[in-house]
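The values are calculated or read from the model by the stated rules, or taken from the named source; none is laboratory data. Given the structure is predicted, the values throughout are model-derived calculations rather than measurements. All Cβ positions, even for glycine, are placed from backbone atoms using ideal geometry, and neighbour counts span all protein chains on display.
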Amino acid sequence: MTKKTTASKKVTARNPEKYDTAYILFMNHVKQDEICQRLDVSPPTLKTWKVSGGWEEKRACRTISLDDLLHKSYKKINDLLDLNVADFSADAFSKAVQQLKSLKENHTVDDEISTFLAFQDYLIAERDSHKEVTDSFIKLVVKLQDIFILKRKTNAKR
């Protein structure tokens, strides 16, 4: 384990509530200086949390999802099918279908991150409707999801 990771875990362990809140704010595109100010944490601490938790990758996955790419591929194929026979290009159609197949081929860690983020949004939206869905429950779910993703990323690199 590196020094940076060890230090990060100590900081996280001392301030789990601030860490979780910072994560949620970061995922909602709140500026980092505002997060630091709101939670009274230093910029280096926030940076350590961000790096050790892979927050940027998770937020990027949320912004550019495989679902969006698939939707665009479906639209492109549909547009090609809607062309009249004289304008139809079998080559362009074949390439679009091949692109779609390659996108759908494998289930990736990014797919899981995207699903987890959508589920987190769902829990936050539903917490007022279900007494069992408390802030501490949501934080536990997020923590377990993060552990799962980090293990998957570690296993994928081997």
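Observations on the model:
- Against the conditions (1) over 25 Å from the mean Cα position of the chain (by Cα); (2) modelled with pLDDT under 75, His107 satisfies every one except (1).
- Restricting segment 41-98 to residues that are in contact with a Lys or Arg (Cβ under 7 Å, 6 or more places away or on another chain) and more than 20 Å from Met27 (Cβ to Cβ), the residue that is modelled with the lowest pLDDT is Leu70.
- Summed over segment 125-136, the residues that are surrounded by fewer than 14 Cβ atoms within 10 Å (Cβ to Cβ) and either assigned to a helix (DSSP H, G or I) or in contact with a Ser or Thr (Cβ under 7 Å, 6 or more places away or on another chain) (or both) give a count of 3.
- Filter result (among the hydroxyl-bearing types (Ser, Thr, Tyr) and under 21 Å from Pro16 (Cα atoms)) within segment 125-136: Thr134, Ser136
- Verdict on Lys139 being assigned to a helix (DSSP H, G or I), closer than 20 Å to Pro16 by Cα, at pLDDT 75 or above and basic (Lys, Arg): yes
- Residues of segment 120-129 satisfying the condition of being more than 12 Å from Ile24 (Cβ to Cβ) and touching a helix residue (DSSP H, G or I) at 6+ places or on another chain (Cβ under 9 Å): Arg127
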